[in-house]
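Contents: one structure, followed by commentary.
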Amino acid sequence: MASVLKAAPQIGRQEDSFAVLGVQDAAGAARIRRALCALDGVEDVSVNLASGRVAIRYIKAQVSLQQLVQTVRCLDFQVALTETRLAVEGMTCASCVSRVERTLGKLPGVVSAEVNLASGTARVSHLGGAVAEPALSQACDKAGYHSHVIPTDDQDVEEAARLRDLARWRQRFWLAAVPTAPLLLTMAAGWLGGWPAALGWLANPWLLMGLATVVQVGAGSFFYRDAYLNLRGGTANMSVLVVLGTTAAYGASVLKLIGALPATFHGLYFETSALLVTLVLLGKLMEAGGKGRASSAIRRLASLRPLIARRLEGGEERRVPLAEVRPGDLLRVGPGETLPVDGTVRDGETDVDESMLTGESRPVRRGLGDKVACGTHNLSGSVVIQADRTGADTALSQIVRLVESAQAGKAPAERFADRVAAVFVAGVLAVAVLTAAVWLLIGAPQEALVAAVAVLVVACPCALGLAIPTAIMVGTGRAAEQGMLFRNPEVLERAERVSVVVFDKTGTLTEGQLSVARLRAYGPWQGREQALQELVAAVEERSEHPIGRALAVSVADRRSGGHVIEDWRSEAGQGVRAVVDGERVAVGTPRFLAGLGAAISEELQQMVDQEERLGQAVVVIAVGAHAAGYAALSDQPRPEAAAVVARLTQAGKEVWLLTGDNLATARAIADQVGIGEDRVKAQVLPAAKAETIAELQSSGRLVAMVGEGINDAPALAASDLGIALGTGTDVARAAADVTLIGSDLEGVVAAFELGQATVRKIRQNLGWALGYNLVGIPLAAFGLLNPAIAAAAMALSSVSVTTSALLLRRVRLATDRRSADRPGLDARVA
């Protein structure tokens with residue numbers, strides 16, 4: 001499977017991303033961004049709060065990856081790194097150790113390398129997916145030391161780190177919940193009017209203070225530490241609000257107990273402070289679990305890679321860790337097994353389930369010379385494949401990295417949320433101070449404390465920070481499961497606003513499998529069809545255009561060969577010409593041949609027109625200065641094309657057909673798929689396709705272009721939303737915003753449906769996060785909200801936006817309907 005990623009950035013610049021644990025809100029993300037941007041050589045930093053990933057672009061000559069990671073660690077955040085162990089042979093002294101460490105340290109994505117001479121091992125810390133494990137051992141081999149990867153059962157370091165983080169939140173919650181339970185009985189006794197005789201000992205205020213202290217100082221120590229680090233860095237976050245609110249309730253109770261407050265101040269609030277901490281920790285625990293489910297699509301894709309492969313060595317079969325497989329190795333894959341690498345079938349035939357990559361439910365037959373992809377499922381036969389790409393170079397790994405890159409970016413709405421969050425905490429603190437001051441002025445110190453604490457606790461910047469990135473994470477993950485790759489979050493938002501969809505014809509609306517219906521000789525070449533076919537095939541042999549390939553293949557079995565081809569030239573969208581055996585031969589449109597001086601008679605033009613009215617693609621052949629005949633090629637619309645056009649039309653989108661073919665052929669295809677004649681643009685050269693897109697955009701509408709060929713690249717780049725079919729060229733995919741891994745046009749409809757659903761969810765989440773704070777804070781300030789209820793509401797607010805985003809996984813898309821309508825295997829990733 002061809003690469004789905006764009007070319008690497010400019011020389012000297014590096015783009016990396018890594019997972020960071022402990023980023024709780026926008027303030028923490030801002031600290032990381034400021035610290036990294038302050039380093040020389042750092043050009044751009046993006047921190048995704050929902051996924052906990054940092055994406056960074058920097059100049060390698062000015063700052064190292066190790067410095068970047070260390071900077072983040074100095075802020076008291078953890079960076080999730082993959083650790084690979086190597087067994088290194090041939091080291092004899094300390095200088096060998098230094099050489100191996102330097103060699104490994106120079107590889108892109110490597111943060112550190114530590115070599116132990118006594119054990120003969122190297123421990124390499126690197127960004128997951130940034131460097132393939134075989135590349136580490138290859139670097140050692142080039143330095144003169146044979147090495148191999150020591151396999152480990154824990155390959156998913158990010159997932160392991162996430163589970164550890166979840167376990168820490170669970171531990172903190174129970175540390176708070178156990179001592180809070182007796183304090184809740186105190187609250188219940190107050191509501192019931194007194195203590196039962198058996199529980200009277202719980203009324204001891206010193207016992208209550210001891211229990212509250214365990215919660216405040218033990219379980220709540222995280223909030224104190226996090227608040228200190230943020231304040232030291234010049235920012236304020238949710239931890240600051242929690243610390244101020246709970247400390248105020250706890251501190252006032254302690255002062256009252258030791259007699260340091262006036263008699264006008266009644267009651268103790270130990271149960272309030274403990275309950276606040278417990279509820280906030282419960283919310284954080286649920287939020288951490290929700291984040292894990294939001295990123296589950298990526299983990300499921302990554303988990304498709306098997307850990308073991310069966311390598312053929314000297315005619316024998318040997319089970320080896322996947323990390324040891326190199327390009328060129330021969331691997332056997334049996335029925336029911338998962339293909340471990342991208343490769344080429346060298347022996348045998350089988351049916352392969354590619355649904356986890358393409359979303360297509362029907363198995364595909366693969367035999368000798370066919371390409372197969374890592375992560376796909378071998379269904380029936382036993383095959384031997386030759387490894388082409390392994391590890392981080394496989395299409396599956398590139399897809400995972402592309403989705404992670406999309407999730408790491410920021411949508412325009414998220415930038416707005418970040419601006420609000422940046423001033424949110426300061427605004428809440430101001431409201432809390434104002435609330436306390438007003439209540440004190442009216443002579444109600446008790447109400448001043450309760451209202452101020454409620455204001456501090458009810459405010460939730462976390463919901464604001466998570467509202468958008470969680471929706472984007474789930475949306476892009478859902479897209480990957482259905483065979484759609486979005487380049488960045490902005491694409492999702494643009495997909496929702498597109499009102500015009502333009503399709504290329506050949507290979508996009510049609511199957512692109514052109515076959516020569518007839519080749520007719522004309523004039524002096526009548527009766528010499530075989531010789532004319534050979535000349536045409538010789539000229540078209542170098543062509544990449546579907547028509548040229550079809551003409552070359554049509555006579556492949558009958559070609560005599562031995563032609564001398566000189567001065568071969570191709571004119572995009574028009575035709576090709578060359579000197580074959582000393583004679584000028586041209587194949588292309590009538591206009592192309594007329595420009596070369598080849599005369600086309602009226603009789604021949606009528607024959608061409610008749611073929612075009614039948615929906616055939618026609619090229620005229622000229623030998624020397626005279627027309628020698630024509631070739632008519634048929635290309636059928638894709639089976640789903642008419643249904644896709646109908647769905648897009650029903651969704652209110654204007655559908656156009658844009659092609660370089662003649663008008664008659666274009667209209668025939670448009671009629672078959674349901675596009676009106678007034679929305680057909682024919683005989684458009686590649687450069688002019690971009691101009692046509694610009695014309696449609698001039699009325700202020702957003703235009704999407706769907707294509708797959710090199711000649712579509714200008715239009716894909718010029719459109720507001722470029723959609724490339726995965727079966728197309730690398731150039732087309734590089735110019736597109738959305739890549740459909742398969743070739744089914746249902747993915748186009750699904751892309752728009754998912755964009756609409758994601759943007760709708762973003763708006764819902766953002767509206768809830770803002771609306772919750774706009775309602776909750778005034779209620780708390782007016783004394784209408786108990787601090788305990790405020791804490792529960794705050795905890796539930798961030799959980800609610802995460803849970804709401806997870807509902808995107810249930811959105812029914814066109815690709816889901818396709819799988820349901822076509823009998824086949826269940827997708828491995830669903």
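Tabulated data
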quantity: Given (1) under 20 Å from the mean Cα position of the chain (by Cα); (2) modelled with pLDDT of 75 or more, number of the condition SER800 does not satisfy; calculated: (1)
quantity: Complete set of residues in the range 292-306 that are at pLDDT below 80, outside any helix (DSSP H, G or I) and open to solvent by 20 Å² or more (accessible area, probe 1.4 Å); calculated: SER295, SER303, ARG305
quantity: Strands (runs of 3 or more DSSP E) wholly inside the range 313-397 containing at least 2 residues that are charged (D, E, K, R); calculated: 316-321, 342-347, 350-353, 364-366, 383-389
quantity: Single match in GLU571, GLU583 (criterion: among the charged types (D, E, K, R) and within 26 Å of ARG667 (Cα to Cα)); calculated: GLU571
quantity: Selected residue (only one of GLY289, GLY283, GLY245 is at pLDDT below 75, part of a helix (DSSP H, G or I) and buried (at least 24 other Cβ atoms within 10 Å of the Cβ)); calculated: GLY283
quantity: Meets criteria (of a type outside the set (A, V, I, L, M, F, W, C), under 23 Å from GLU695 (Cα atoms) and touching a residue at least 40 places away in the same chain (Cβ under 8 Å)) for THR510; calculated: no
quantity: Any hit, the range 535-554, residues being closer than 21 Å to THR665 by Cα, open to solvent by less than 80 Å² (accessible area, probe 1.4 Å) and touching an Asp or Glu at 6+ places or on another chain (Cβ under 6 Å); calculated: yes
quantity: Filter result for VAL110 (of a type in the set (Val, Ile, Thr), touching a Leu at 6+ places or on another chain (Cβ under 9 Å) and modelled with pLDDT under 75); calculated: no
quantity: LEU596 vs. criteria surrounded by fewer than 20 Cβ atoms within 10 Å (Cβ to Cβ) and in contact (Cβ under 8 Å) with a residue 40 or more places away in the chain; calculated: no
quantity: Any hit, the range 136-152, residues being in a helix (DSSP H, G or I), open to solvent by 60 Å² or more (accessible area, probe 1.4 Å) and modelled with pLDDT of 85 or more; calculated: yes
quantity: Positions within the range 533-554 being of a type in the set (Asp, Glu) and more than 36 Å from the chain's Cα centre (by Cα), in sequence order; calculated: GLU534, GLU540, GLU541
quantity: Selected residue [modelled with pLDDT of 80 or more, open to solvent by 30 Å² or more (accessible area, probe 1.4 Å) and among the small types (Gly, Ala, Ser)] from GLY336, GLY251, GLY315, GLY259; calculated: GLY336
quantity: Test: residue in the range 642-663 that is in a helix (DSSP H, G or I), under 25 Å from GLU611 (Cα atoms), of a type outside the set (D, E, K, R) and open to solvent by 20 Å² or more (accessible area, probe 1.4 Å); calculated: yes
quantity: Hits in the range 371-398 - residues which are at pLDDT below 90 and among the acidic types (Asp, Glu); calculated: ASP393
quantity: Near pairs, Cβ below 8 angstrom, 6+ apart or cross-chain, from the range 11-34 (among the polar types (S, T, N, Q) and open to solvent by 20 Å² or more (accessible area, probe 1.4 Å)) to any residue that is modelled with pLDDT of 80 or more and assigned to a strand (DSSP E or B); calculated: GLN14/ARG57; GLN14/TYR58; GLN14/ILE59; SER17/ARG53; SER17/VAL54; SER17/ALA55; SER17/ILE56
quantity: Selection from the range 603-622 of residues that are open to solvent by 10 Å² or more (accessible area, probe 1.4 Å) and within 15 Å of GLN526 (Cβ to Cβ); calculated: GLU603, MET607
quantity: Condition check for GLN530: assigned to a helix (DSSP H, G or I) and touching a His at 6+ places or on another chain (Cβ under 7 Å); calculated: no
quantity: Failed item, numbered, when LEU535 is tested on (1) touching a residue at least 12 places away in the same chain (Cβ under 8 Å); (2) assigned to a helix (DSSP H, G or I); (3) closer than 24 Å to PRO637 by Cβ; calculated: (3)
quantity: Evaluation of LEU429 against (1) buried (at least 24 other Cβ atoms within 10 Å of the Cβ); (2) over 27 Å from ALA651 (Cβ atoms) (one fails), failing number; calculated: (1)
quantity: Selected residue (criterion: farthest from ALA274 (Cα to Cα)) from residues of the range 764-788 that are open to solvent by 60 Å² or more (accessible area, probe 1.4 Å) and touching a residue at least 24 places away in the same chain (Cβ under 8 Å); calculated: GLN764
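For every residue, the table says whether it meets (1) buried (at least 24 other Cβ atoms within 10 Å of the Cβ); (2) modelled with pLDDT of 90 or more.
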| residue | (1), (2) |
| --- | --- |
| ALA666 | yes, no |
| VAL680 | no, yes |
| VAL684 | no, no |
| ALA688 | no, no |
| MET705 | yes, yes |
| GLY709 | no, no |
| ASP712 | yes, no |
| ALA718 | no, no |
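Results for (1) under 30 Å from VAL54 (Cα atoms); (2) modelled with pLDDT under 85; (3) surrounded by fewer than 24 Cβ atoms within 10 Å (Cβ to Cβ); (4) touching a Pro at 6+ places or on another chain (Cβ under 7 Å), shown as yes or no for each residue.
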site: MET473; (1), (2), (3), (4): yes, yes, no, no
site: ASN488; (1), (2), (3), (4): yes, yes, yes, no
site: ARG494; (1), (2), (3), (4): yes, no, yes, no
site: GLU529; (1), (2), (3), (4): no, yes, yes, no
site: LEU532; (1), (2), (3), (4): no, no, yes, no
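The values are calculated or read from the model by the stated rules, or taken from the named source; none is laboratory data. All of these numbers come straight from a predicted model, not from anything done at the bench. When we count neighbours, we look across all protein chains shown, and the Cβ atoms used for this are built from the backbone with ideal geometry, even at glycine. Areas reflect the complete protein model, heavy atoms only, side chains present, ligands, DNA and RNA absent. Shrake-Rupley method; radii C 1.70, N 1.55, O 1.52, S 1.80 Å.
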